[in-house]
Amino acid sequence: MLLRTIPVLLLHLSLYLRLGAASASCSCSSVIVPVHIDVLVPKDPTDVFGGLKSNETSQRRVNTTYDIYGVFCQPNAGNEDVLQLLAHGGSYTSQYWSPPIEEFRNYSYSAFSCERGLPSLAVDLLGAGLSSRPANASDVQFPTSAAALSQLAQHLKTASILPGVRPFQKIIGIGHSLGSALLNFGAIVDGAQSPFDAMVLTSILIFGPDDPPVGSGTSAVPIAARDADPLRWDALDPAYVTINNRTAFYPTDPTAYSPRMLLFDGFTKDVLPLTIAAQGASSSIPAANYTGAVAKVVCAKDQVLCATGRCVDVEALTAAEEVVWPAAKSFEVLVLQGSGHDLNLDFRAGAAFETTFGLVTKFSK
Ligand SMILES: *[C@@H]1O[C@H](CO)[C@@H](O)[C@H](O)[C@H]1NC(C)=O
Ligand SMILES: *[C@@H]1O[C@H](CO)[C@@H](O)[C@H](O)[C@H]1NC(C)=O
Ligand SMILES: *[C@@H]1O[C@H](CO)[C@@H](O)[C@H](O)[C@H]1NC(C)=O
Ligand SMILES: *[C@@H]1O[C@H](CO)[C@@H](O)[C@H](O)[C@H]1NC(C)=O
Ligand SMILES: *[C@@H]1O[C@H](CO)[C@@H](O)[C@H](O)[C@H]1NC(C)=O
Ligand SMILES: *[C@@H]1O[C@H](CO)[C@@H](O)[C@H](O)[C@H]1NC(C)=O
């Protein structure tokens, strides 16, 4: 058990040291925050709405405390009131926001935003990376994972994350793919009580209950994690899956990204519960009472979301997406040309960082 965790710990340690050394204006540290969850989940974890349309007889209670791991980056001088909470996509970890390797040190959104004066906390989703991984994958559903993010944000508005750091007044949720879908779910459930003052949801669009699962028709096929890598995941519930072939997360044009990034991505991949990938149709239910500002950022070369041509007409796409955010302070959809699903990991990442940071700056005011 100890042996299995060491490589992951070393990668995180190198991230800590690298970011710490990279910039005199910024320091990063690993944190673990316990969050108490008390939610109802559907007894049938393949329920595509994640329980939002269920009655009590078809639900069961998950009432427990989980640890959420994160990397907190703080500028030595800058905004002390606004925190960016970064939620990665399925089969990734917090490292998506800061690949811990020398060659890719400039692909760090955490460093990019920190050097420009904004703190961030990049978390490992429940079940991924160094956060708690419930033995039974069916405990990790949209209601549980979204509540973990909301509880964490709530906590950071009232308690200090590290000695000497004040609680934050505003928290902006920034998601990628599954992370965006979970923030969206939290906005539906929490409504006006949401601890997130605004949301930047990258690489996610509404999924209908009859749409094929995210990634189908691409090489992004989920397989049981214990079959994919027995050394790391032999003991896991087979409902924890990973994705071996990660090319669908990049543009089809192989000159649009570094082949070594694809290799590194495969080497550092993580797990997600199969059923959580199925609950994305919750995004078709309106976040009727969420009043913060919302922006969706999608990418023209995203093989997972945009292969059908859905992202060409931005006006039509905006009209289709804004219907589920009737009470939002503002809503916009931005389409990045040239980028793929993992907008932070290809050669257009610099433009993606500018876009995300620009939205956050606007929403921080
Ligand atoms: C609750 O939902 C289940 C499954 O959808 C359904 O079979 C049952 O009739 C519902 N019960 C009530 C009281 O509505
Ligand atoms: C939920 O868990 C807490 C802490 O363990 C406990 O105090 C509480 O009674 C539980 N709630 C229910 C409804 O079981
Ligand atoms: C996981 O939990 C569910 C609900 O309690 C239960 O039906 C299922 O049998 C459990 N699975 C395993 C592998 O323990
Ligand atoms: C991954 O999928 C792509 C696209 O389907 C395919 O061209 C490639 O050969 C696959 N890579 C591996 C290692 O299987
Ligand atoms: C939104 O708020 C209204 C009024 O408080 C409430 O009746 C309704 O159930 C809420 N909708 C959701 C989706 O929570
Ligand atoms: C990092 O630098 C490399 C080499 O100059 C460049 O190709 C890549 O686009 C840069 N990435 C970002 C996010 O700026």
- Query: With (1) open to solvent by 10 Å² or more (accessible area, probe 1.4 Å); (2) at pLDDT 95 or above; (3) of a type in the set (S, T, N, Q); (4) more than 16 Å from ligand 2 (Cβ to nearest atom) as the list, and Thr65 as the residue in question, which single condition is left unmet?
  - Reply: (4)
- Message: Within region 272-365, considering only helices (runs of 4 or more DSSP H) that don't extend past its boundaries, which have at least 3 residues that are β-branched (Val, Ile, Thr) and under 28 Å from Asp190 (Cα atoms)?
- Response: 349-364
- Item | Single condition Leu317 does not satisfy, out of (1) more than 16 Å from ligand 6 (Cβ to nearest atom); (2) without any contact (Cβ under 8 Å) to a residue 40 or more places away in the chain | (2)
- Scan of region 254-286 for residues that are within 19 Å of Leu126 (Cβ to Cβ), within 16 Å of ligand 5 (Cβ to nearest atom) and open to solvent by 20 Å² or more (accessible area, probe 1.4 Å), ordered by number: none
- Take region 191-242 and flag every residue that is within 16 Å of ligand 4 (Cβ to nearest atom) and polar (S, T, N, Q). Ser216, Thr218, Ser219, Thr242
- So which residues in region 336-354 are open to solvent by 30 Å² or more (accessible area, probe 1.4 Å) and either touching a strand residue (DSSP E or B) at 6+ places or on another chain (Cβ under 9 Å) or more than 24 Å from Gly309 (Cβ to Cβ) (or both)? Gln337, Arg348, Gly350, Ala351, Glu354
- Members of region 131-151 that are among the hydrophobic types (A, V, I, L, M, F, W, C) and surrounded by fewer than 21 Cβ atoms within 10 Å (Cβ to Cβ): Ala135
- Message: So, Leu15, is that one out of contact with any His (no Cβ under 8 Å at 6 or more places or on another chain), open to solvent by less than 40 Å² (accessible area, probe 1.4 Å) and modelled with pLDDT under 95 or not?
- Response: yes
- Task: State the number of residues belonging to region 152-177 that are touching a residue at least 12 places away in the same chain (Cβ under 8 Å) and either among the aliphatic types (A, V, I, L, M) or in a loop (DSSP other than H, G, I, E, B) (or both).
- Result: 13
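The values are calculated or read from the model by the stated rules, or taken from the named source; none is laboratory data. Since this is a predicted model, take the numbers as computed values, not measurements. Positions of Cβ are backbone-derived with ideal geometry, glycine not excepted, and every protein chain shown enters the neighbour counts. When the accessible area is computed, the model is the full protein with side chains, heavy atoms only, and any ligands, DNA or RNA have been set aside. Shrake-Rupley method; radii C 1.70, N 1.55, O 1.52, S 1.80 Å.
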